[in-house]
Structure formats: structure tokens, C-alpha cells
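Participant: My questions will all concern the structure given below.
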Amino acid sequence: MTMNPSAGTKACAACGEEIPSAAVKCARCGSYQNWRRYVDISNTTISLLIALISVIGLVAPVLQRISTGTQAILDEELQGIFGGSAYIFVTNSGTAPGSVQGLRLISEQVTDGMQDNRTLFTFAMQPQLIRPGDAKQLVIPIDSPVWQMLDRIFIAAKPEQRPKLYFEVDRGNLNNKNPAQEKALPVEWSALLAAGPTAWHRCLASAEGSRVEPENPISNEVIVDQASPEDLTARCGPAPDMMSSPAGGSTNPRKDDTAK
């Protein structure tokens, strides 16, 4: 490429015509003088490509909904148990409204090599609507009948025989295109007892796992074992009469502990 510094011109890279040094396009042959001269794409082609990309951006979400279907995608998280109530946070990342239709307290235990899941309590609740993109906090009161059942299970069983506990959430789409789904939310005994309605429950929570057995004095390691039923009773006393304790909300106890 030749330059004419005095006149501020340069030669066209394609035809050699003298053009202003700042020119991007030759006025004679129409050739670009920058990187575009290496790409043989016309303005019409570029415009069509831009239009196509815009159309794809608009149509892609519609195609995705057609391929996957309109559905609610619910997810729950147990935030904790405070003041005798369970706090559950529900989100909906789907494209359709969803609902939480119920909540159960489940025990899980392995007996003779067989897993045994039982519904301890079914919590009565109105279906909760969760719209797409929304979130909602559910507060589920734990009533006296629930605590009575949990007290009997906890005190009667040895640590290794106590069942695992979790809440099970019933959920589904309002359009009923997909079957209802369930999600298990594990809950620790210690967290449950610490939120109990009486000082006796909080004593159990602090005593659980607190028995110290200094069986290794050489390394000065503290070996902690779960407290036995006898230890718990000696430390915290007998279980209180929960029927006289204050309660909130509504629960329906399963008297027969029918297995799932």
C-alpha cells in the first residue's frame, strides 16, 4: 500500500485508486480497506444473519417449552426447627404453577436387613400455590401428639436402634400432566429435641451424644458416645405430660404406624 503523507491519501488496496487515508471503503471499486476486505460477505448477507440470530433468540424458549412441556419444578429445603415449628423453604423454577399439598413425618429403620419406612404423622395443611419463579416459606407447627410419639420412640430405643427421621413433602403440578412427586428432608434427632416445647426436651438434646468415656488416656483423646436411655432418664427425668403442654397448628397422628 502506498501513502501520500502531504495530501493525506493512500492507495486503494484493491484497485490502487488514490483515496483519503481515513477512508474505510474505496469510492471507485467499493472495496473495504480494513479487515472486512478479507471476508467476502455482503451487507445483505450480514443483515440476514443478524435477523436470523434475532429470530432464533425469540423462538428458542418456545421450542424448549414445546420439547420439555410446561411443568412446575419445585424444590424444598428444611431451614430448621425453631420454637416448635418446622420451617421449609419452597421454590419453583419451572414454567407452570406448582403446589405443596401435604407433609408427613417418616421414620426409617433397617430391621433384619429390611428397610422399614413408616408414616408417624400426617400434617394437615392447605395446599400452597407456588407460581413460576416464586418462593414461599412454610411454617409447620409440631403439636403435642407428635411430641408424645417422638418421646416414646427416643426414650425406649437404644441409640443404635433409633430410626432416622425425615419430612416428606407431597408436591405436583396443578395441571396434573405429571404424577405427584415426593421429596425427603432429613431431620436430626438433636435438632428436633432442641426445638421441643419443654425444658425436658432441651435437656435431652444436650445429653444426646454427651456421655464421655476416657478410654484412651495415653493420647488424651475424648471418646464421645451417644447416651443410653438410662443415662437420659437419670439426667433429665421422666417424660412430661405433653397433653398439658401448649400446642399450635394441627396434626393428625397415625395411631397404627402403618408401613408405607
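The values are calculated or read from the model by the stated rules, or taken from the named source; none is laboratory data. On a predicted model such as this, the values are computed, not experimentally measured, just so you know. Cβ atoms come from the backbone with ideal geometry, glycine included; neighbour counts cover every protein chain shown.
Participant: Could you list, in sequence order, the residues of the range 97-112 that are modelled with pLDDT of 85 or more and either of a type in the set (F, W, Y) or not in a strand (DSSP E or B) (or both)?
Facilitator: P97
Participant: Separate question: Go through the range 113-129 and give me each residue that's farther than 29 Å from W147 by Cβ and assigned to a strand (DSSP E or B).
Facilitator: L129 - this is the single residue of the range 113-129 that is farther than 29 Å from W147 by Cβ and assigned to a strand (DSSP E or B).
Participant: Quick one: would you say F154 is among the aromatic types (F, W, Y) and either more than 25 Å from S206 (Cβ to Cβ) or in a loop (DSSP other than H, G, I, E, B) (or both)?
Facilitator: no
Participant: Test E77 against the stated conditions and say whether it is assigned to a strand (DSSP E or B) and exposed (fewer than 14 other Cβ atoms within 10 Å of the Cβ).
Facilitator: Taking the combined requirement at face value, the residue satisfies it.
Participant: How do the pairs read when you match residues in the range 98-127 that are in the same structural domain as L150 (by TED's automatic domain parsing) with residues anywhere that are of a type in the set (K, R) and part of a strand (DSSP E or B), using Cβ under 6 Å and keeping only pairs 6 or more apart or on different chains?
Facilitator: That search, which allows pairs on different chains as well, returns V100/R171; S107/R118; E108/K164; T119/R104; T122/R104.
Participant: Have a look at T9, T68, T2, T45 and point out the one that is in contact with an Asp or Glu (Cβ under 7 Å, 6 or more places away or on another chain) and either polar (S, T, N, Q) or at pLDDT below 80 (or both).
Facilitator: So the residue among T9, T68, T2, T45 that is in contact with an Asp or Glu (Cβ under 7 Å, 6 or more places away or on another chain) and either polar (S, T, N, Q) or at pLDDT below 80 (or both) is T9.
Participant: Need the failing condition index for L63 against (1) at pLDDT 85 or above; (2) in a helix (DSSP H, G or I), just the number.
Facilitator: It fails just one condition, (1).
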